[in-house]
Each structure stands twice: as structure tokens, then as C-alpha cells.
1. I'd like the residue in the stretch 26-41 that is farther than 19 Å from residue 112 by Cβ and touching a helix residue (DSSP H, G or I) at 6+ places or on another chain (Cβ under 7 Å) and, out of all such residues, is surrounded by the fewest Cβ atoms within 10 Å (Cβ to Cβ).
2. Return the pair list, or none, for Cβ contacts closer than 6 Å from residues in the stretch 69-94 that are farther than 19 Å from residue 45 by Cβ to residues that are in a loop (DSSP other than H, G, I, E, B), at least 6 apart or on different chains.
3. Scan the stretch 18-50 residue by residue and report those that are within 13 Å of the chain's Cα centre (by Cα), at pLDDT 95 or above and in a helix (DSSP H, G or I).
4. Within the stretch 63-77, can you find the residues that are more than 15 Å from residue 38 (Cα to Cα) and touching a strand residue (DSSP E or B) at 6+ places or on another chain (Cβ under 6 Å)?
5. I need the full set of residues from the stretch 95-107 which are free of Cβ contacts under 8 Å to residues at least 60 places away in the same chain and either surrounded by fewer than 17 Cβ atoms within 10 Å (Cβ to Cβ) or not in a helix (DSSP H, G or I) (or both), in order please.
6. Among the listed residues 53, 44, 58, which satisfies the condition of being buried (at least 18 other Cβ atoms within 10 Å of the Cβ) and under 23 Å from residue 104 (Cα atoms)?
7. Taking the stretch 76-88 on its own, how many of its residues are surrounded by 12 or more Cβ atoms within 10 Å (Cβ to Cβ) and under 20 Å from residue 30 (Cα atoms)?
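The values are calculated or read from the model by the stated rules, or taken from the named source; none is laboratory data. All values reported here derive from a predicted model rather than from experimental measurement. Counting neighbours? That spans all protein chains shown, and the Cβs are built from the backbone with ideal geometry, glycine included.
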């Protein structure tokens, strides 16, 4: 990757610009829907991971909504895997919670 230091006079400029680029990338991202349950620790970890990176999260509890549970079962080949995450019509499971996979799937930074 090209170093920004050569073009930016202030010693912290590179860090500031990279932060702005990350912020603009997550600002363009559509809302992420997490299908989960209240008792699921992987669901809580995924929600916290996303929120810490400025991603808008919509939560759907599949214990309360049978139609949401049907979606989870359908997209996971009959398995009730939570959290199941949907973005722009694409579904994937993050069970067990894997920050590397979540970061990669959503193209967001692994570290905040």
C-alpha cells in the first residue's frame, strides 16, 4: 500500500486519513440485520463487534418471530444457527462468533 506520509505534513495525518477512510466505508454500508436470540453469547459478541465499528445493526429475535426462525432455517440448510447475518439480501452464519470472518464478509476493519 502506498504510504500517505510523503504527502501529508502532520505526523498524525496518516492516522487521521485512514480513520476517515474507515468511517466513510462503514457509513456507506447498509444496515446489517442479525437474526439471533437473547440468550446467545455469539449474538451479543457479533452485535458489539459491529456497533464498535459504527455499523448500524437491526436485531431480530427468532424466539419471538417464527417467520424469522424460518428464514434462519432456510438459509442455513435446516440448521438453527445464530447469529445469522443478512446484508443486502446476502445471508451468512457467524456461529461460532469469528471476528475475522465477520470483518472479511462485511469489509470492515478487524481492529477498531
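1. 37
2. 69/62; 88/30
3. 42, 43, 44, 45, 46, 47, 48, 49, 50
4. Within the stretch 63-77, 72, 75, 76 qualify.
5. Passing the criteria: 95, 96, 97, 98, 99, 100, 101, 103, 104, 105.
6. From the options 53, 44, 58, the qualifying one is 53.
7. 5
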